[in-house]
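The values are calculated or read from the model by the stated rules, or taken from the named source; none is laboratory data. Note that this is a predicted model, so its numbers are computed, not measured. So basically every Cβ, Gly included, is an ideal-geometry build from the backbone, and we count neighbours across all protein chains shown.
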Amino acid sequence: MSRIKIWNRVPDRSQLHVQVEGGEGAVDGFYMVSDGTTEEWSDGMLRAGQTRSLRTPNTYNVGLVLRFAGASTMTVKAHVEKPGGSHHGDDYEEPVTGAAGDVKAVAIGAVTLQS
Amino acid sequence: MRAHFAFAVALLVSSQAAPLFAQGRCLPSDTIAGCFDRYLTPDAVIQPARAEQKQELMTEPTGLDTGGANLATNKKNLLPLLALSGLLGQSDADEEEGTMVFDLNFLVPGLAEKGSKNAQFEAVVNTEPEIAESLRNALPEEDRDELAGQLEGKLGGLSDYAIRLTYNHSNRSHGRSFAQYAKRFDALSRAAVDTVTPLAKVVALQTSEITNLIAQNQNIFTGENAENTRFDALPPDVSRRARLLVEEKAREIAEREDAATRAMNEFGLASFHKLLDNQPQFHLTADKKLRESLVGPEELAVKVTYEWSAVNFNAAMSEDCHRALDVSQPDNNKVRSCLSEYESFVKGNADGIENGNRFSFSGEYVEIDEDTIDAGLDGIAPIVLEKSHKLVIYAGWSRDFTLGDGEPISFDLVAEYEDISDDPLRRDRGIASLTFTRQFGGVSIPFGIVYATHSEFLTDVDEQLSAHVGLRFNAGGNNDDE
């Protein structure tokens, strides 16, 4: 895995799920849609997990910032669920390890079907 | 001023690094993810971080009691004890061979609530009970094992068990679990990162340029997992454009990430976990041993432990800051002000954080019931044990010293006094233990001297002085070892 994940040709009305688990540290995120929508996601929101509906022809982008208080591993999990319930493409699960004071970024994107 | 200075440093470092980046690291044969990995190397920090974590675990005392005529340390962290007693949600890990542990929290209102992890009520059953040592010694030596085996065969399933209550006092200012301080770390670290870059927003923006390129060329990017697309699998004009774009975005994110990490270190947040290791902690264990007479007398033992170091997270900020930041959405101006307090404290106490004085105090009371152990065997007189009790007080001090460029030497001084009542075999005594522990790579070697005013049992020895050398290393290993 890598610290970037982009789903392509995502069907309309799919759902993007993003969650961060574990580690000694905190995380925050920025959610940005090509239609101009933006949201800031807090540590609490990301630990609980966030789900957003994906509509064509938008692109969706999430920047995650993991801040480490001690040497540990935070795991970023994300997947796209199609309207029928099956998953689109591969699920994303990236264990991000850092030492005390480290900052690590993770990029997540989803490109819906354009036509 | 701080933000400007830090940002200027970030720009300076970035500009110095630019020639290296400008050469380009990504290859036409790379995928989008592979190109990202050349800048945001996923594995580069894993081994050092694991090594650091392992080193911290090895240097962390294992929670052995400070008592007896052995080398002692009072620099123990109660977290391992809490883990063993299930307070950290790892109750499955404490099942020793020959014992069964039953969680009894459901019997006590409040303890059964989800998330209630600072108290544990449990029953510990010894599934392989043995007869009392005093009875075993009274058996004829030539038939001792056989007779002991016969007597142990008569013991029932509940002939040796204990009811145990473990309590760890954890609140906003006591305890060493990161979870207690997570909101404060979140607020401080986010403010530190924000002084140089709104990193999450930057990452989303950079990613959006890549997703826009994919959206505009979706007839070319045909896979569902676009990060696996190789640049050389795209038409030449798009291939070059995509590689340059992805590389530029990966580089930008990596530079901002580095700047953010430097800001975290500049503000002292790399020392956050060390301050937590110095937080005051209070631990209580009450143990009632219930036994059949053949196993030994019943006992009640209560032990309290308090540990503390002056250079701790409580002291790093005012109480006002601790309260204001321990919420989900603290006021930004307040956070910045508290971050400044925190930074000043860390910079002013750098030596204390690394090598500061640590203190521990504990008291243990043990009451042993009277008992008559009658084996019911011809020629073996019943053993009559009087009721007795013992009070043990411990006080300890520890500090690390660094000599030259070598690894620190840990210095531990532990004093103990045992007040024994009604036990004809033992007498009151004081014990002092002085221990130096030196790290040599992955091995720590403790050397120490123990002085006792008397030996533990009544003998003609008045004073006892002994020297010890030990060896401590991580024999457990883990699955991460490679």
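Of all the numbered requirements in (1) within 9 Å of chain B (Cβ to nearest Cβ); (2) assigned to a strand (DSSP E or B); (3) in contact with an Asp or Glu (Cβ under 6 Å, 6 or more places away or on another chain), residue A:32 misses one, and that requirement is (3). Taking the stretch A:44-70 as the range and being crowded, with 22+ Cβ neighbours inside 10 Å and either of a type outside the set (Gly, Ala, Ser) or more than 7 Å from chain B (Cβ to nearest Cβ) (or both) as the test, the residues that pass are A:46, A:54, A:59, A:60, A:61, A:62, A:64, A:65, A:66, A:67, A:68. Restricting B:372, B:305 to residues that are under 19 Å from residue B:280 (Cβ atoms), at pLDDT below 95 and either outside any helix (DSSP H, G or I) or more than 22 Å from the chain's Cα centre (by Cα) (or both) narrows the list to B:305. Within the stretch A:33-75, the set of residues being in contact with a strand residue (DSSP E or B) (Cβ under 8 Å, 6 or more places away or on another chain) and of a type in the set (Gly, Ala, Ser) comprises A:34, A:42, A:48, A:49, A:53, A:63, A:69, A:70, A:71, A:72. Taking into account only those residues within the stretch B:161-195 that are facing another protein chain (nearest Cβ under 10 Å) and within 16 Å of residue B:256 (Cβ to Cβ), which is nearest to the chain's Cα centre (by Cα)? Among them, the one singled out is B:189. Checking the stated criteria, residue A:22 turns out to be within 16 Å of the chain's Cα centre (by Cα) and more than 10 Å from chain B (Cβ to nearest Cβ).
Cβ-Cβ contacts under 8 Å between residues 6 or more apart (or on different chains), taken from a first residue in the stretch B:259-275 that is in contact (Cβ under 8 Å) with a residue 12 or more places away in the chain and facing chain A (nearest Cβ under 7 Å) to a second residue that is hydroxyl-bearing (Ser, Thr, Tyr) and surrounded by fewer than 24 Cβ atoms within 10 Å (Cβ to Cβ), are listed as B:260/B:197.
Out of the residues in the stretch A:76-94 that are in a strand (DSSP E or B) and free of Cβ contacts under 8 Å to residues at least 24 places away in the same chain, state the one that is nearest to the other protein chains (Cβ to nearest Cβ). Checking each candidate, the answer is A:90. Checking B:345, B:361 one by one, the residue that is surrounded by 14 or more Cβ atoms within 10 Å (Cβ to Cβ), in contact (Cβ under 8 Å) with a residue 12 or more places away in the chain and in a strand (DSSP E or B) is B:361 and no other. Only one entry of A:51, A:38 meets the criterion of being free of Cβ contacts under 8 Å to residues at least 40 places away in the same chain, of a type in the set (S, T, N, Q) and in contact with a Leu (Cβ under 8 Å, 6 or more places away or on another chain), and that entry is A:51. Restricted to the stretch B:216-255, and to residues there that are free of Cβ contacts under 8 Å to residues at least 60 places away in the same chain and buried (at least 21 other Cβ atoms within 10 Å of the Cβ), the residue that is farthest from the other protein chains (Cβ to nearest Cβ) is B:249. Residues in the stretch B:189-213 that are over 28 Å from residue B:330 (Cβ atoms), hydrophobic (A, V, I, L, M, F, W, C) and crowded, with 24+ Cβ neighbours inside 10 Å: B:210 only. Yes or no: the stretch B:130-150 includes at least one residue that is of a type in the set (Asp, Glu), within 12 Å of another protein chain (Cβ to nearest Cβ) and in contact with a helix residue (DSSP H, G or I) (Cβ under 8 Å, 6 or more places away or on another chain). Within the stretch B:130-150, not a single residue is of a type in the set (Asp, Glu), within 12 Å of another protein chain (Cβ to nearest Cβ) and in contact with a helix residue (DSSP H, G or I) (Cβ under 8 Å, 6 or more places away or on another chain). The condition of being within 14 Å of another protein chain (Cβ to nearest Cβ) and either surrounded by fewer than 17 Cβ atoms within 10 Å (Cβ to Cβ) or farther than 30 Å from residue B:156 by Cβ (or both) holds for only one of B:318, B:328, B:309, that being B:328.
Would you confirm whether or not the stretch A:4-17 contains a residue that is facing chain B (nearest Cβ under 8 Å), closer than 23 Å to residue B:228 by Cβ, among the charged types (D, E, K, R) and part of a loop (DSSP other than H, G, I, E, B)? The answer is no, given that none of the residues of the stretch A:4-17 is facing chain B (nearest Cβ under 8 Å), closer than 23 Å to residue B:228 by Cβ, among the charged types (D, E, K, R) and part of a loop (DSSP other than H, G, I, E, B). Out of all the residues in the stretch B:298-305, is one or more out of contact with any Cys (no Cβ under 9 Å at 6 or more places or on another chain) and surrounded by 22 or more Cβ atoms within 10 Å (Cβ to Cβ)? Scanning the stretch B:298-305 turns up at least one residue that is out of contact with any Cys (no Cβ under 9 Å at 6 or more places or on another chain) and surrounded by 22 or more Cβ atoms within 10 Å (Cβ to Cβ).
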